Amino acid sequence: MLLCILIDLFSISLYAEPILKLHPRSSDIELSEKEFFEKVLPKLKNKKVILVTNPSGIGRSPENILRKFHEFQITIQSLIGLEHGFLGLEENFSESAVSEDRIFKVPIYHIYKLKTGELKEVLQATDFIIFDVQDMGMRCYTYLTVLKRILDAMNNTNHLILLDHINPSLQIGVKGDLHKKEFENFASEFPLPLFTGLTLGEAALYYNSEHLQNSKKVTVVPVKGYKRYVQYEKTGVVWLTPSPNLPTLDSARNYFAFVLLEGINVSVGRGTQSPFLVFGAPWMNEPERMISSLEKNSNLEYNFQPTFFRPTFSKYSGKICRGLRMEVNSEIYDPIHLAFLIISTIKKTYPTHFQWEKGKFYTIDLLWGNENFRKAIDANLLFEDFYKTFSNLEQIYSNKIKKYLLY
């Protein structure tokens with residue numbers, strides 16, 4: 001009897017599933033906001049501040065901000081509005097440059113509507129800019145552009161305090177090409193390859209030192225206890241939605257590749273309950289024909305399944321789309337390679353339907369930073385040949401950023 005029990009216990013332990021995510025209460029990591037409220041905030045007594053945050057940072061509890069700031073007689077002069085607004089719920093950019101925030105009853109300046117001179121005017125009367133949002137570690141994710149523009153506009157009396165976050169792309173490192181000046185836009189402005197390999201705090205230190213003629217006052221409040229390259233799921237850090245279409249860590253991991261699919265005429269699930277988990281279009285019949293090509297050299301890092309979806313807004317709003325749903329199985333998959341493969345495969349499988357999205361410029365050129373990604377696919381280049389055109393930059397910038405790493 002005892003032997004049977006021992007065998008059963010051994011069997012249970014042998015086949016027990018490993019923990020998928022570390023529970024926050026088991027984590028040794030201390031978020032930057034803890035040190036900010038306990039040690040940094042008291043030093044700002046009687047100062048004037050501007051807030052740049054949303055629910056992925058301290059902005060998830062406006063009441064706590066108001067209570068704590070009032071305790072130290074700190075005046076919140078205004079907010080800087082990110083792409084998705086203070087509450088992180090807006091799908092579209094604000095039509096106006098400034099509006100009144102209904103919670104704080106102060107002006108909220110929508111930075112993408114402000115010229116450099118106008119932003120300088122907003123910042124000149126404040127003592128501190130407090131910056132706290134979750135980033136993706138990608139040049140095309142606009143919060144990095146916001147950081148750059150604030151640093152550009154700061155004067156000698158301003159002081160930036162940035163509450164740092166780890167991001168799920170740190171395992172990927174520096175990847176991609178640099179942007180050309182003529183393709184500079186709100187989604188491609190920061191002077192690093194597409195994947196920066198940095199946290200926002202590290203990016204602030206890098207830009208302040210490497211690209212500003214007169215460096216600004218910058219304090220980064222770090223995440224404590226984090227070791228670089230530890231998988232996000234194993235840190236115990238809770239994923240707090242930084243924007244409406246990245247509600248889960250799965251969406252974020254898929255975003256690394258799928259964001260480049262926004263440069264072609266397919267939906268990536270905006271307006272559905274599966275943003276950045278699916279891609280497809282009404283004309284994509286029998287999408288399963290693409291699976292073998294996409295998974296052929298995947299090294300089991302991701303997999304695809306056929307799916308149907310119907311967006312309620314954005315591309316193909318109200319129309320039934322067929323396509324594929326992707327699941328990432330490895331946090332170190334190469335998203336640029338995969339995006340190149342997906343777009344190439346769609347182009348070959350549906351040549352009469354495939355189109356590059358275009359306004360004044362091709363959208364893909366604005367996302368990638370130059371025309372090379374699009375031209376390589378149109379020329380039917382293998383990814384290996386395309387990769388050679390920017391691989392040396394990845395090594396150069398991997399070395400260049402080392403002295404700014406905090407973890």
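Readers should treat all values here as calculations from the given coordinates under stated rules, not as data from a laboratory. From a predicted model like this one, the values you see are computed outputs, not experimental measurements. Positions of Cβ are backbone-derived with ideal geometry, glycine not excepted, and every protein chain shown enters the neighbour counts.
Among the listed pairs Lys68/Lys216; Lys148/Lys348; Lys47/Lys403, which are separated by more than 29 Å between their Cα atoms?
Lys148/Lys348; Lys47/Lys403
Two-decimal Rg/Rh of the chain from alpha-carbon positions, Kirkwood Rh?
Rg/Rh: 1.00.
Of all beta bridges DSSP finds with both residues in region 24-239, what is the antiparallel percent, to the nearest 5?
Looking only at bridges with both residues in region 24-239, the antiparallel portion is about 30 percent.
Taking H placed 1.01 Å from N in the peptide plane, check which residues at least 5 places from Val221 or on another chain put their amide H under 5 Å from its amide H.
Close amide H contacts, sequence-distant or interchain: Leu162, Leu163, Asp164.
List the trypsin sites (Lys or Arg not before Pro) in region 280-375 that DSSP assigns to loop (not H, G, I, E or B) and whose Cβ has at most 10 other Cβ atoms within 10 Å. Which are they?
Lys296, Lys360
Quick one: which residues, 5+ away or cross-chain, put their amide H under 5 Å from the amide H of Val98? H built at 1.01 Å from N.
Close amide H contacts, sequence-distant or interchain: His110.
For a quick check: with amide H placed at 1.01 Å from N, whose amide H comes under 5 Å from Lys358's, ignoring anything fewer than 5 positions away on the same chain?
Thr363
With an 8 Å Cα cut-off and a minimum separation of 6 or more residues, compute the relative contact order for the chain in percent.
So the answer I get is 16 percent.
Only bridges with both residues in the chain count here: give the DSSP antiparallel percent, nearest 5.
Around 50 percent antiparallel, to the nearest 5.
Of the cross-linked pairs Lys34/Lys234; Lys224/Lys315; Lys105/Lys400; Lys34/Lys402; Lys180/Lys217, which ones have a Cα-Cα span greater than 32 Å in the structure shown?
Lys224/Lys315; Lys105/Lys400
Please work out whether region 139-231 counts as rounded, prolate or oblate from its C-alpha gyration tensor, where a ≥ b ≥ c are the square roots of the eigenvalues and a/c under 1.5 means rounded, while otherwise a/b larger than b/c means prolate and anything else oblate?
Verdict is oblate for region 139-231.
Using alpha carbons only, how many angstrom separate the centre of region 112-155 from the centre of region 294-347?
Using only Cα atoms to place each centre, the spacing works out to 33 Å.
Would you calculate the volume per residue, in Å³, of the smallest convex hull containing every Cα atom of region 249-370?
Dividing the Cα hull volume of region 249-370 by its residues yields 101 Å³.
Just how far, in whole angstrom, is region 357-405 from region 225-293 if you go by their alpha carbon centroids?
20 Å
With a 10 Å cut-off between alpha carbons and a GNM built on the chain, which of Val174, Val52, Val106 moves the most?
Result: Val106 has the largest fluctuation of those listed.
Report the percentage of all Cα-Cα pairs in region 24-239 whose separation exceeds 29 Å, rounded to a whole percent.
That tail contains 22 percent of the Cα-Cα pairs.
Taking the Cα centre of region 249-370 as origin, sum charge times position over the Cβ atoms of Lys and Arg (+1) and Asp and Glu (-1), and report the length of that vector in debye to the nearest 20.
Computed charge dipole of region 249-370: roughly 520 debye.
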